[in-house]
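So the structure is just underneath, and the comments pick up after that.
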Amino acid sequence: MASEMMEALMALCEEKHIDQLELIDRLEASLAESYAKVLKLPFGARVTIDRATGKVYVYELEPDDDSMDEEGNYTHFFEKDVTPRDTSRIAAQHAKNVISEMVRNSAREQIFEEFSERIGDIITGTVLQTTPDFAIIKIREGVEAELPYFDLNRFPNERNERPQGERYMHNQRIRAIIIDVRDPNSKEQPVSGSRQRPTIVVSRTHPDLIRRLFELEVPEVYGGVVEIRSIAREPGVRSKVAVSSIDDRLDPVGACVGPKGSRVRTVVSELRGERVDVVLWSDDLATCVANALSPARVSRVIVSDEDNHATVIVPDDQLSLAIGKEGQNARLAARLTGMHIDIKNETLAADILREMPQEVVEEGEEGEQRCEYVGPTGIQCRNMARPGSRFCGIHEKLAQMGDAPVSSDPDSLI
């Protein structure tokens, strides 16, 4: 009977790719703990299994009185054979538990070795099970992932990787990005119950999910011609993506949007209706900030490199659009550019513009300068001054007529 059990164990080890010697060693240690409790052995027991016959031998450990150290611990023990008559039943039960645990650990180790190098990759799976705190995603047969959405107020050490408003149904197809792979051999267990949960952790809130989706839908992004420089995201609501191109002849925004918006519409559909704004990246901070506030029109951007601050001036009718609902547009633009953005309308910014020093070209210096005319709202003219003058062609005439009498006739051109 015992030999048949050993043959079955060896066959199972070959089938499940388990080390036979490791299985026997762990089985002996497990049986030693059990027999020490069953036989009530005060100093424990040692168990050996005959590799050929499978017979189990149990030895009681009796301490040698002369081996006590300074701390009062025995360092040497005598062994006394206390093998019970029927050891097959207990041995079989322990073998079943040990093998099951080793099979699970072996599968987890294989998954860890395969997917630990794929962190940041996008995966496609189906929802296998949902709980109040996380969803189990089936990637393929025998490989599952966890999409956590814990209440962070109750579980501060957990994660919430589900966008706002999303709900998942059984067998629903879903795309997510791998953000973590738990090491099954790690002694640390930072999350309660994580050893019983899937090894792979995925997310649908990570900004790189948008990057991977654009790589799938836009060949220019996948090929590296169009580069995604920055992403700012409020999952489930709105995102901004800044892109640039290494080819001056290619419009990076148009490539990402696609014909009639077909490419970006596919990304939005995968994100369950989350709004995605694609803007042009610029190495010039002022231009980059102005583009990031799209769709609002910007009149002027004043950048302070010392404190990473940008003051943005917009027309009065564009102020609410630039700020966005509950400050969302300004908040995303600040994340996208990495700048602290202060938005003012032209009326409130008139005093600021008046106090700003104007750029003046010294006499005898060749070059161009901007028209010095400042309108009633405090905004300086954007035209370049005519050679030898401080004003452009339009405002030079107004300056010359500054002292001329103004007709009271409403049809007069003056």
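The values are calculated or read from the model by the stated rules, or taken from the named source; none is laboratory data. Everything quoted here is computed from the prediction, not taken from an experiment. Cβ placement follows ideal geometry from the backbone for every residue including glycine, while neighbour counts extend to all protein chains displayed. These accessible areas exclude ligands, DNA and RNA; they are computed on the full protein's heavy atoms, side chains included. Shrake-Rupley method; radii C 1.70, N 1.55, O 1.52, S 1.80 Å.
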Is it fair to say residue 175 is out of contact with any Lys or Arg (no Cβ under 7 Å at 6 or more places or on another chain) and surrounded by 18 or more Cβ atoms within 10 Å (Cβ to Cβ)?
no
Single condition residue 40 does not satisfy, out of (1) over 30 Å from residue 107 (Cβ atoms); (2) in contact (Cβ under 8 Å) with a residue 12 or more places away in the chain
(2)
Between a first residue in the range 124-152 that is over 13 Å from residue 178 (Cβ atoms) and a second residue that is hydroxyl-bearing (Ser, Thr, Tyr), which pairs have beta carbons less than 7 Å apart while being 6 or more apart in sequence or on different chains?
127/168; 130/168; 133/149; 134/149; 135/168; 138/126
May I ask you to list the residues in the range 133-163 that are open to solvent by 70 Å² or more (accessible area, probe 1.4 Å) and out of contact with any strand residue (DSSP E or B) (no Cβ under 9 Å at 6 or more places or on another chain)?
141, 153, 154, 156, 157
Where a residue in the range 94-112 is of a type outside the set (A, V, I, L, M, F, W, C) and its partner, wherever it lies, is in a helix (DSSP H, G or I), with Cβ under 6 Å and at least six apart
94/30; 94/31
Can you say whether residue 129 is under 21 Å from residue 271 (Cα atoms) and surrounded by fewer than 18 Cβ atoms within 10 Å (Cβ to Cβ), as far as the supplied structure shows?
yes
Tell me, which residue of the range 233-252 that is surrounded by fewer than 21 Cβ atoms within 10 Å (Cβ to Cβ) and within 24 Å of the chain's Cα centre (by Cα) is nearest to residue 176 (Cα to Cα)?
236
Touching a helix residue (DSSP H, G or I) at 6+ places or on another chain (Cβ under 7 Å) and in the same structural domain as residue 336 (by the TED database): is that true of residue 255 in this structure?
no
